[in-house]
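Taken together, the values in this text are just the output of simple stated rules run on the coordinates, not laboratory data. Quick caveat, the model's predicted, so the values are computed rather than measured. When we count neighbours, we look across all protein chains shown, and the Cβ atoms used for this are built from the backbone with ideal geometry, even at glycine.
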Amino acid sequence: MDGSEVLLNQSTGSRLVRMQERFAIEFGIHDHPIEAHNMLYVAKSTAVPVPKVYAIYQRQEKQNVVTYIVMQYDSLDQVDKTVIAKTLRTYFDQLRQLQHPGYFGNIAGGPPLDELFSATQGANEVKTSFSTEDELVGCIIRMYLLETGERMAHKTRYYQHVLPTVLRSDDRPVFTHNDFQRKNVIVQPDGTPVIIDREFASWHPIYWEYSTATNANGGWNDDWHEYVRMALDEYPGRG
C-alpha cells in the first residue's frame, strides 16, 4: 500500500480498498484464501460473472497472518435496481444447479463456512461436514446450548422441538454465497453486476441464502428487502 488507495469498505479484521482505478484489494486477519478459491470455483463451474482474481498471498504482520486478495475492480454506476436484482437471480439459479457433493459443508469437505460454526462456543468440535439436514440442525441447536448455557435451557428445549420441523427443506445441499448484502454487489460500467466476498460460500440448505440476506437488512432503513425477494426465492418462515 502506498497511501493512494481508496477505502471502499471496512469491518472488524477486514478492509476493501481500490487501487489505481483497476484493482480492488481485500485484506485483513479475518480474510482467508478460501474466498478467492471460491470465486475461482464459481468462475470455472458456471457462467456467473465474478471479479478476476489476480493474486492471493499471506504475510505475517506482528502477531497475525494477514491475507491479501487482489482482484478486478470496476466503478459503480447508477443502474436500475430491478434489472440488477433480476440479473442476480440468474446467477443464484446457476449456483443452485451445481451438482452437490452429498453433504452440507465447504468445498474442501469441512464444515460450512459460517460464523455459527466458527465463532461460537463449541466451534472447535465442528470439524466435518454434515451428511443430512437433521445433522446440521442438530448442530445448530447444540451450538446455541453451548453459547447460552443452562440459563436458556428451556429455550433450547423449545428449539429442539420446533426447529427440525421449521428448518426443513428437501435435504438437498445447494451452493450458497452466504454473505449476500449490499456491499458485496459491484456493478461494472456496462451494467453487469458481480458478487464479491465469497469467503463463506458453502453447501447449505436451500433457505440459507434468503435467511442471511434478510438478516443483512440491518435496521430496515432502506428497500434492500424488496430486491432480495427479486433475486432469491423467499423462505420467510426460516428467516
> If you project the alpha carbons of region 115-166 onto the principal axes, what extent comes out on each, in Å, largest first?
Replying inline: 28, 23, 14
>> Net charge within 12 Å of M143 by Cβ-Cβ distance, Lys/Arg positive one each and Asp/Glu negative one each, not counting M143 itself?
In response: -3
> Which net charge results when you count Lys and Arg as +1 and Asp and Glu as -1 among the other residues whose beta-carbon is under 14 Å from that of W203?
Replying inline: -3
>> How high is the relative contact order of region 68-170? Use alpha-carbon pairs under 8 Å, at least six apart in sequence, and give a whole percent.
In response: 19 percent
>> Kirkwood hydrodynamic radius, region 157-206, all distinct C-alpha pairs: what's the number in Å?
In response: 13.4 Å
>> With a cut-off of 8 Å between alpha carbons and a minimum separation of six or more residues, what is the relative contact order of region 115-166 in percent?
In response: 36 percent
>> What is the ratio of the Cα radius of gyration of region 123-239 to 2.2 N^0.38 Å, with N the residue count, to two decimals?
In response: 1.22
>> On a straight-distance basis, which lysines could pair with K183 in a cross-link, Cα separation under 17 angstrom, same-chain partners fewer than 8 positions away excluded?
In response: K81
>> I'd like the per residue volume of the convex hull spanned by the Cα atoms of region 1-136, given in cubic angstrom.
In response: 157 Å³
>> For a quick check, take a GNM of the chain with Cα springs below 10 Å and name the residue from R18, R89, R151 with the largest mean-square fluctuation.
In response: R151
>> Under 10 Å, Cα contacts only: if you run a Gaussian network model on the chain, which one of Q60, Q97, Q160 comes out with the highest mean-square fluctuation?
In response: Q60
> How high is the relative contact order of region 122-239, given as a whole-number percent (alpha carbon pairs under 8 Å, six or more residues apart)?
Replying inline: 22 percent
>> Straight-line reach only, C-alpha to C-alpha below 20 angstrom: list the aspartates and glutamates that K44 could link to, leaving out same-chain residues fewer than 8 apart.
In response: E35, D93, D197, E199
> What is the local net charge at Y68, summed over the other residues whose Cβ is closer than 13 Å to its Cβ (Lys, Arg +1; Asp, Glu -1)?
Replying inline: -3
> For K155, which aspartates and glutamates qualify as cross-link partners when the Cα separation must be under 13 Å and same-chain residues fewer than eight apart are set aside?
Replying inline: E147
> Considering the values (1) 175; (2) 131; (3) 146, which represents volume of the Cα convex hull per residue in Å³ as calculated for the structure under consideration?
Replying inline: (3)
